[in-house]
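Beneath this line is the structure, given in structure tokens, with notes to follow.
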Amino acid sequence: QVQLVESGGGLVQAGDSLRLSCAASGRTFSNYGMGWFRQAPGKEREFVAARWIDGSTYYADSVKGRFTISRDNAKNTVYLQMNSLKPEDTAVYYCAADRLLVSVIRGTSSAWGQGTQVTVSS
């Protein structure tokens, strides 16, 4: 099982950028697909982005063109670069990992981080 720890959240203004990091440990990181999800108050958790082991990436329509997911296998870390942030991006962001791409995208990953808060003020 892989363990995940997110960092990088904070309070920013609309239009600002923020980069989230997710450090993984415990298993062979390069064998896992990685994803980011978010959950706003009173809403269900939703898919944000995913990156498969072959480098392919997937994004929610709401963040396409603004967010970029990347990974550094040497550092066992996945990143979420968030640009042009909007107040509606405010949520707790979670990192997820699984050896099946479908699990990563559907939100049924076997491993989850504890979450990091992102707040975007208008």
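Here are the numbers:
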read-out	value
Where labels lie 7 Å past Cα in the beta-carbon direction, separation of Ser7 and Lys86 in nm	3.1
Per-residue HN-Hα couplings for the stretch 32-42 [Karplus 6.51, -1.76, 1.60; θ = phi - 60°; Hz; x = Gly/Pro]	10, x, 10, x, 10, 10, 9, 9, 8, x, x
Val102-Lys75 FRET efficiency (beta carbon distance; Förster radius 25 Å; 0.05 resolution)	0.45
In Hz, Karplus ³J(HN,Hα) per residue of the stretch 62-67 (6.51, -1.76, 1.60; θ = phi - 60°; x = Gly, Pro)	5, 10, 4, x, 10, 10
FRET efficiency, Ser122 to Ser56 (Cβ-Cβ, R0 30 Å, nearest 0.05)	0.30
Estimated Rh, the chain: Kirkwood, alpha-carbon pairs, angstrom	14.0
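Any read-out appearing in this document is the output of simple, stated calculations on the displayed coordinates, not a laboratory observation. Keep in mind that this is a model prediction, so the values were computed, not measured. No Cβ is skipped: glycine too gets one built from the backbone with ideal geometry, and neighbour counts run over all protein chains shown.
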